[in-house]
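Take a look at the structure below.
The values are calculated or read from the model by the stated rules, or taken from the named source; none is laboratory data. Only a predicted model underlies this, so the values are computations on that prediction, with no experimental measurement involved. For neighbour counting, all protein chains shown are included, and Cβ atoms are generated from backbone atoms with ideal geometry for every residue, glycine included. Ligands, DNA and RNA are stripped out before the accessible areas are found, and what is left, the full protein with its side chains, is counted by its heavy atoms. Shrake-Rupley method; radii C 1.70, N 1.55, O 1.52, S 1.80 Å.
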Amino acid sequence: MRRFGGDETGTPPPWTVLTGARNRVLSLDFSPDGTLLAGGCEDDTVRFWDVTARTPAATLVMPPDPARSDYPIHVYEVLFAPDGRTLATGTNGPIPRVHLWDVATRTLTRTLDRRGPVSHPMAFSPDGRTLATDGDGEVLLWNVSTGALVGTVGGDWEAVTALAFSPDGKALAIGDEEGTLRLWERGSGSKPVERKVAEGDVRSVAFTSDGNAVVSGGDRLSLSDRTDATTTPFGTVRTDRVMPGPDGDSIATTGYVDGNPKLLLWSTRTRAVTGEAEISEERLSMPVALSRDWRRLATRGDDNSVRLWPFSLRNPPEYIRTPEPAPTPTS
C-alpha cells in the first residue's frame, strides 16, 4: 500500500494539496455536482475550493455571537443542500447556531438558534425543504426557506450525535451518545423505534441507497433494517463516518485499524471489507468527504491544508488495496 510521503523511490503522493485556510480544517463537504469543496475551519471561516482548478474560490465569514462578540467561533460542520444552492454551517458559541448561506452569492440568508449543548449533526431532507439539527436532547426541524422551527422530535433523550434522512424523505435516523439508534417515520404519529447499536456514542448514520436499512458507526459498524427490529453487526472497527456509495451496495467508513486512521470500503451484501486505504498520519478524528459520484476524496492535510485524492470504486487507485482472501483451511 502506498504511504503518505510517496515511496522510497521518490514517487509523489497521489493527492493534490489545497491551500488557503487560515486554521485547521474541522469539516468537509462536496457540492452535489462535485465542483466545489467546502471546509469549515477552527476559526470563524468556511473556505470554498474550486475542485477542477484546485484553487481557493471564496471565503465565508461567520457572524460574531451577539451575546459575546469576543467568543472564538469554530465551524464544526458544513453541509450542502441536495440542490447545491444552500450551504448549512454549524458553529459553537454561547448559543450554538446554524447559518444558511446562498452558495451562488456567498451571502448569509438565515440564522437558526439551537437549544442547549449540541454535537453539530445536521441533515437535509432529500427535497431540501427541511433541515434537521440537534437540540437539547431532541431533534429540531427547520423550514429552510423561512428559517422557522416547524417541529421537534424527542425532548428527553441523551445528546443527539448523528442524523440522516431516508432517500424518500419519509424517515429520519437519529443516533445518540448512549449508543441508541432511533428510526422515526415522519407523519406517522408514532414514536421512533429504538435499537441499541453501540456501547458508546453513535458517531454517524446513513441510509442504504434503497432506503431499506440504516448503517450506523460507533464502536462497531451495524446494519439495521428499517421495517423490523433486526440489527446486524458487521464490523468491530471504531467508525467515525459512514458514507453510502452510488452503486447501491458499497459503503465507505473512516475509523481506526490497529491504531491507524483508515478508510474502509464495505459491501452491505456480504458485510465484508473490499478495500482499505491509510488516509492520515494523525491519531485524532479527522474530517473526510467523498463526492456524490465517488470520484473525489477530501481529507485534512498538514499546515491547515486539505488533500484532494482521485477515487474510483471500480478501478481503485494505488493507495487502495483489496484485502487478500483468508487461506482455505486444510483438512
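Counting only residues that are part of a loop (DSSP other than H, G, I, E, B) and hydroxyl-bearing (Ser, Thr, Tyr), which one in the range 1-30 is modelled with the lowest pLDDT?
Within the range 1-30, the subset part of a loop (DSSP other than H, G, I, E, B) is 1-15, 19-24.
Keeping just the survivors that are hydroxyl-bearing (Ser, Thr, Tyr) gives 9, 11, 19.
Details: Thr9: 44, Thr11: 60, Thr19: 96.
Step by step, filter the range 1-30, then rank; the result is Thr9.
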When you go through (1) open to solvent by less than 60 Å² (accessible area, probe 1.4 Å); (2) farther than 30 Å from Asp201 by Cα; (3) of a type in the set (Gly, Ala, Ser); (4) part of a loop (DSSP other than H, G, I, E, B) one by one for Gly93, which number turns out not to apply?
(2)
Selection from the range 221-274 of residues that are open to solvent by 60 Å² or more (accessible area, probe 1.4 Å) and either in contact with a Pro (Cβ under 6 Å, 6 or more places away or on another chain) or part of a loop (DSSP other than H, G, I, E, B) (or both):
Thr227, Asp228, Ala229, Thr230, Thr236, Arg238, Pro246, Asp258, Arg269, Thr270, Arg271
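Output the residues belonging to the range 45-70 that are among the charged types (D, E, K, R), touching a strand residue (DSSP E or B) at 6+ places or on another chain (Cβ under 6 Å) and assigned to a loop (DSSP other than H, G, I, E, B).
The initial filter retains those residues of the range 45-70 that are among the charged types (D, E, K, R), namely 47, 50, 54, 65, 68, 70.
Add one more test, that the residue is touching a strand residue (DSSP E or B) at 6+ places or on another chain (Cβ under 6 Å), and what stays is 47, 50, 54.
Residue satisfying the conditions is Arg54 alone.
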Can you tell me how many residues within the range 131-145 are open to solvent by 10 Å² or more (accessible area, probe 1.4 Å) and either of a type in the set (Phe, Trp, Tyr) or over 15 Å from Thr89 (Cα atoms) (or both)?
6
So Arg182 passes all but one of these: (1) touching a Pro at 6+ places or on another chain (Cβ under 6 Å); (2) farther than 27 Å from Pro287 by Cβ. Which condition number does it fail?
(2)
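For every residue, the table says whether it meets (1) farther than 16 Å from Gly135 by Cα; (2) open to solvent by less than 60 Å² (accessible area, probe 1.4 Å).
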{"site": "Trp157", "(1), (2)": "no, yes"}
{"site": "Thr161", "(1), (2)": "no, yes"}
{"site": "Pro167", "(1), (2)": "yes, no"}
{"site": "Lys170", "(1), (2)": "yes, no"}
{"site": "Gly175", "(1), (2)": "no, yes"}
{"site": "Gly179", "(1), (2)": "yes, yes"}
{"site": "Arg186", "(1), (2)": "yes, no"}
{"site": "Gly189", "(1), (2)": "yes, no"}
{"site": "Val193", "(1), (2)": "yes, no"}
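Name the single residue that is farthest from the chain's Cα centre (by Cα) among those in the range 192-220 being in a loop (DSSP other than H, G, I, E, B) and under 19 Å from Asp168 (Cβ atoms).
Here is the first cut: in the range 192-220, the ones in a loop (DSSP other than H, G, I, E, B) are 192, 197-203, 208-212, 218-220.
From what's left, under 19 Å from Asp168 (Cβ atoms): 192, 208-212.
Numbers: Pro192: 22, Thr208: 14, Ser209: 16, Asp210: 19, Gly211: 18, Asn212: 20 Å.
Selected residue: Pro192.
Quick check on Leu100: is it closer than 24 Å to Trp309 by Cβ and surrounded by 16 or more Cβ atoms within 10 Å (Cβ to Cβ)? It would help to see each step written out before you state the result.
Details: closer than 24 Å to Trp309 by Cβ: no; surrounded by 16 or more Cβ atoms within 10 Å (Cβ to Cβ): yes.
The answer is no for Leu100.
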Of the residues in the range 107-151, those that are modelled with pLDDT of 95 or more, touching a Phe, Trp or Tyr at 6+ places or on another chain (Cβ under 8 Å) and in a loop (DSSP other than H, G, I, E, B) come to Ser125, Pro126, Val144, Ala148
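When you check Phe207 against the structure, is it over 21 Å from Val160 (Cβ atoms) and open to solvent by less than 50 Å² (accessible area, probe 1.4 Å), yes or no?
Numbers: over 21 Å from Val160 (Cβ atoms): no; open to solvent by less than 50 Å² (accessible area, probe 1.4 Å): yes.
In short, no.
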